[in-house]
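Please read the structure below before turning to the comments.
Where a number appears in this text, it was derived from the coordinates with a stated rule and is not lab data. Not measured: the values here are computed from a predicted model. Cβ placement follows ideal geometry from the backbone for every residue including glycine, while neighbour counts extend to all protein chains displayed.
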Amino acid sequence: MNSFSALIPLLIIVFASLCIMILEAFLKKENKDYLAYISIIFLVVCGFFLVRAWNKDFSYFNGNLFLDNLSLFFSFIFLITTFLVILISMKYISLQGVNCGEYYSLLLLALSGMLIMVSSGDLLVIFLGLEVLSISSYSLAGLRRKDEKSSEAAIKYFLLGCFASAFLVYGIALLYGATYSTDIASIINHFQSGESLGLMALIGLGMFVIGFGFKIAVVPFHMWTPDVYEGAPTPITAFFSVGPKAVGFAVLLRVLYPYLKNVQDSSKAIFLLLCIISVLTMVVGNLIALRQTNLKRILAYSSIAHAGYLLIAILAQDNASLVFYLTVYIFMNIGAFAAVIALGKKDKEYLELEDYAGIGFKYPWIGATFSVFLLSLAGFPPTGGFLAKFYVFSAAVRQDLVPLVIIGVLASLISVFYYLRIIVYMYMKEPSYEVDINIDNPGLFLVLFLCLYGVLQLGIFPGNVLILIKQAVTALL
Amino acid sequence: MIELFLVFVIFGFLGVLLVVMNKLLGPKRSNPTKESPFECGSPYLQDGINPFPLKYSLVAFLFLLFDIEVVFFFPWALVFKEIGITALIVMFAYIFILLIGFIYAWKKGAFQWER
Amino acid sequence: MIPLSYFLILSAVLFVLGAVAFFVKRDLITMFMAVEVMLNAANLAFITFAKSASSIDGQIIVFFIVTVAAAEAAVGLAIILLIFRQKKTIKSEDINLMKG
């Protein structure tokens with residue numbers, strides 16, 4: 001249905017971002033805390049409009065922007081992500097000296113980019129959304145201007161991100177040359193009608209996948225990930241580890257699911273490419289994570305490894321399990337980063353593994369919730385992480401991808417080791433020095449609680465969410 | 001005769017290949033002596049390229065942005081008559097966003113020469 | 001009349017040159033310029049395809065890519081300037097606080 005309502009959520013977020021930017025320029029220094037509350041209010045209003053559009057299939061701009069159930073579901077989880085990130089940032093940015101209003105403005109701009117990406121079926125619009133997301137991400141990574149690590153993260157993210165965008169654009173150009181269209185549906189239609197895929201189309205699709213491979217950080221396109229994650233301000237790292245990754249998978253789902261399902265490609269080149277990337281990602285990500293001692297780097301490599309499991313879901317063509325995995329992943333990863341942020345005080349963050357010795361007894365709440373998130377990331381029942389992995393692997397077995405599943409299970413066995421090592425440090429090591437943290441941080445504890453609730457709810461009673469996801473993925477059929 | 005020619009081709013190619021590969025793959029370690037314009041003789045007094053203050057770098061970045069964003073006005077002007085009032089509203093929204101960016105930069109002091 | 005395939009070959013060559021220069025060069029500005037070359041190779045491909053299909057879409061897409069490149073340039077140069085103020089160098093091997 002063609003209706004202006006399809007544009008409203010996006011307009012609200014962009015307007016909120018502009019509003020905060022202007023307020024930032026005109027507000028006094030001591031009133032800047034309000035900007036967080038203003039952005040949260042806008043997020044809630046936007047969420048309200050998204051919920052009301054469920055099952056309505058609004059579209060606008062001649063169908064170039066649409067809100068089907070899948071884009072609504074993804075938009076909603078991105079909204080939740082940004083909400084959680086803003087909550088954990090409120091204290092952090094004043095403690096770590098990033099206290100500027102542009103922080104929230106850029107965060108909302110990045111969110112608007114993600115909303116554009118999930119609610120369009122046109123490759124050009126997806127690219128523009130990606131650039132809105134990326135350019136605000138580059139500046140977010142470098143926001144701690146006094147810190148050399150932060151600028152280093154920004155420049156690395158910027159250069160590799162631009163490089164990936166160039167690949168993506170060239171891929172889109174080749175696809176446009178092969179089919180004379182940038183619309184996903186007509187590209188797939190064109191492929192279906194042809195006898196065999198032309199070399200140009202195949203290369204174009206491959207470059208498209210590679211370009212997105214950089215964004216979702218799969219091996220061998222992951223080089224920037226650990227450095228950027230380590231250097232960026234920690235709440236932004238939490239955002240990077242879930243936001244761009246989830247949106248990348250949402251787009252890959254829209255492009256690759258109809259492709260793998262409908263197009264008869266005798267050479268299976270794209271399928272093989274994805275298989276190789278997936279195996280490499282799972283194995284290399286988990287193996288390198290074993291030797292890391294910095295918490296942010298461990299979580300970075302763990303997020304790389306998770307991209308591998310998610311690729312299995314794409315290869316198995318099981319959309320529901322992919323969306324469920326992403327939903328769980330958002331809660332457990334943001335929760336884990338929130339626990340890392342909790343260990344900090346003015347101008348000091350505790351990020352080394354040694355700092356975590358004895359934390360479990362000294363700060364029981366942080367220790368307990370962090371352990372739950374780590375167990376969920378490792379895939380232990382009764383957490384959401386277990387169910388998510390279970391669904392993905394069983395879907396892959398149904399599609400005769402047994403070798404991939406075996407590698408996936410072995411890789412997650414490796415991952416158990418480094419996740420448990422953090423828990424062992426927290427509960428079984430004697431602290432050799434005093435770690436003193438700022439405990440007065442209500443927003444952060446709210447996030448820890450919400451993520452704990454999310455992980456356990458999705459692990460024990462996933463029924464309601466699964467029904468929503470089933471409704472959402474019908475949009476792809 | 002042809003063997004001699006082949007020898008020239010193969011070894012010529014090999015030579016070029018090795019030089020190129022060395023250039024591409026070899027490590028590039030630089031030290032102050034290597035960087036200097038003359039390795040011997042009297043020490044030079046100052047750099048050939050003097051650093052100069054980039055007071056207007058911010059203005060340059062902003063100019064780059066606003067200059068390029070105006071590119072959308074041209075296709076808009078071409079189709080304006082066909083689309084009508086919608087085109088006007090859309091363009092005003094676009095200018096509004098640019099204007100907010102401009103106000104932000106102004107208020108933040110990006111246009112002040114001396115700081 | 002130059003055949004259209006020549007333009008495509010030129011765009012492919014430009015793209016590969018940009019990609020190689022990105023990995024070979026050790027200067028942040030040059031690396032960034034290499035990326036711009038790659039983007040413009042894509043622009044050339046878009047225009048060629050638009051011409052061969054006599055459709056206007058490809059030319060409009062170029063407008064968008066050019067503006068995106070400008071936005072990237074503004075942010076990127078600002079970041080490079082920030083790096084230069086901190087370290088007094090823009091060689092990529094000097095940016096090594098974190099090992100990847």
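Can you return the lysines within cross-link range of A:K149? Criterion is Cα-Cα under 16 Å, with same-chain partners fewer than 8 residues away left out.
Output for A:K149: A:K296, A:K348, C:K87, C:K88, C:K91, C:K99.
Which residue, B:K23, B:K81, B:K55, has the most motion in a Gaussian network model of chain B that connects Cα atoms within less than 10 Å?
Highest fluctuation among the options: B:K23.
I'd like the distance separating the alpha-carbon centroids of the range A:71-113 and the range A:115-152, in whole Å.
The distance from the Cα centre of the range A:71-113 to that of the range A:115-152 comes to 13 Å.
Suppose every K and R has +1 on its Cβ and every D and E has -1 on its Cβ; what is the size of the dipole of the protein assembly as shown about the Cα centre, in Debye to the nearest 20?
720 debye
Given 20 °C and 1.002 mPa s, compute D for the range C:1-64 with the Stokes-Einstein relation, Rh being the Kirkwood radius over Cα pairs; round to the nearest whole µm²/s.
D = 174 µm²/s.
Give the average, rounded to an integer, of partner chain Cβ atoms located within 10 angstrom of each Cβ in C:78-89.
5
Pairs to check: A:K345/C:K25; A:K156/A:K346; A:K91/A:K245. Give those whose C-alpha atoms are more than 29 Å from each other in this structure.
A:K345/C:K25
Residue by residue through the range A:242-259, which ³J(HN,Hα) values in whole Hz follow from phi under the Karplus form 6.51 cos²θ - 1.76 cosθ + 1.60 (θ = phi - 60°), with glycine and proline marked x?
10, x, x, 5, 5, 5, x, 5, 4, 5, 4, 4, 5, 7, 7, 4, x, 5
Using a Gaussian network model on chain C with a 10 Å cutoff between Cα atoms, which of C:L28, C:L14, C:L82 fluctuates the most?
C:L82
When we measure straight from the Cα of A:K28, which aspartates and glutamates land under 18 angstrom away, once same-chain ones fewer than 8 places off are left out?
A:E102
Applying the Karplus parametrisation 6.51 cos²θ - 1.76 cosθ + 1.60 with θ = phi - 60° to the phi angles of the range A:47-62, what ³J(HN,Hα) value in whole Hz is obtained for each residue in order, glycine and proline being reported as x?
Taking θ as phi minus 60°, the curve returns x, 4, 5, 5, 5, 5, 8, 4, 6, 9, 6, 5, 8, 8, 6, 6 Hz for the range A:47-62.
Counting only other chains, and only Cβ atoms inside 10 Å, what mean value do you get across the residues of C:60-69?
Shielding by partners across C:60-69 averages 6.
Considering the options A:G231, A:S139, A:G408, tell which one lies farthest towards the positive end of the dipole of the range A:4-476, charges being +1 on Lys and Arg and -1 on Asp and Glu at the Cβ, about the Cα centre.
Highest projection toward the positive end goes to A:G408.
Extending each Cα 7 Å along its Cβ direction at A:D436 and C:K51, get the distance between those two points in nm, one decimal.
Result for the modelled spin labels: 7.1 nm.
Just the ratio, please: alpha-carbon radius of gyration of the range A:347-392 over 2.2 N^0.38 Å, N its number of residues.
Relative to the rule-of-thumb radius for its length, the range A:347-392 sits at 1.42.
Within 10 Å of each Cβ in peptide A:146-158, how many partner chain Cβ atoms are there on average? Round it to a whole number, please.
Partner-chain Cβ atoms within 10 Å, mean over residues of A:146-158: 5.
For the range B:65-115 and the range A:282-349, what is the separation of their C-alpha centers, rounded to whole Å?
Taking the Cα centre of the range A:282-349 as reference, the centre of the range B:65-115 is 40 Å away.
Amide H neighbours of A:L65 under 5 Å, counting only residues 5+ apart in sequence or on other chains, H built in-plane at 1.01 Å?
A:Y60
Can you give the relative contact order of the range A:4-476 as a percent, counting alpha carbon pairs under 8 Å and 6+ residues apart?
Once divided by the residue count of the range A:4-476, the mean separation gives 16 percent.
Please work out the Cα center distance from the range A:190-248 to the range C:71-88, rounded to the nearest Å.
25 Å
Helix-only mean residue ellipticity at 222 nm, the protein assembly as shown, DSSP H runs n ≥ 4 weighted -39,500 (n - 2.57), per residue, nearest 500. What is it?
The helix-only estimate for the protein assembly as shown comes to -25000 deg cm²/dmol at 222 nm.
Using a simple charge model, +1 on the beta-carbon of Lys and Arg, -1 on the beta-carbon of Asp and Glu, nothing else, what dipole does the range C:4-89 show about its Cα centre, in debye to the nearest 20?
Its charge dipole is roughly 400 debye.
What do you get for Rg/Rh over the range A:4-476 if you use C-alpha atoms and the Kirkwood form of Rh?
Dividing the radius of gyration by the Kirkwood radius yields 0.95.
Residue-wise, which Karplus ³J(HN,Hα) couplings in Hz belong to the range A:390-400, taking 6.51 cos²θ - 1.76 cosθ + 1.60, θ = phi - 60°, and x for glycine or proline?
Rounded to whole hertz, the list is 4, 4, 4, 5, 5, 5, 5, 5, 4, 8, 6.
Give the lysines whose C-alpha is closer than 17 Å to that of A:K56, dropping any in the same chain fewer than 8 places away, or say none.
A:K470
Using a 10 Å cut-off on Cβ atoms, rank the peptides A:126-132, A:389-395 from the highest mean neighbour count down.
A:126-132, A:389-395
Highest first, please rank the peptides A:234-245, A:312-323 by the mean number of other Cβ atoms sitting within 10 Å of their residues.
The most tightly packed comes first, giving A:234-245, A:312-323.
What are the GluC sites (Glu not before Pro) within the range B:62-115 that DSSP puts in a loop, where the Cβ has at most 12 other Cβ atoms within 10 Å?
The qualifying sites are B:E114.
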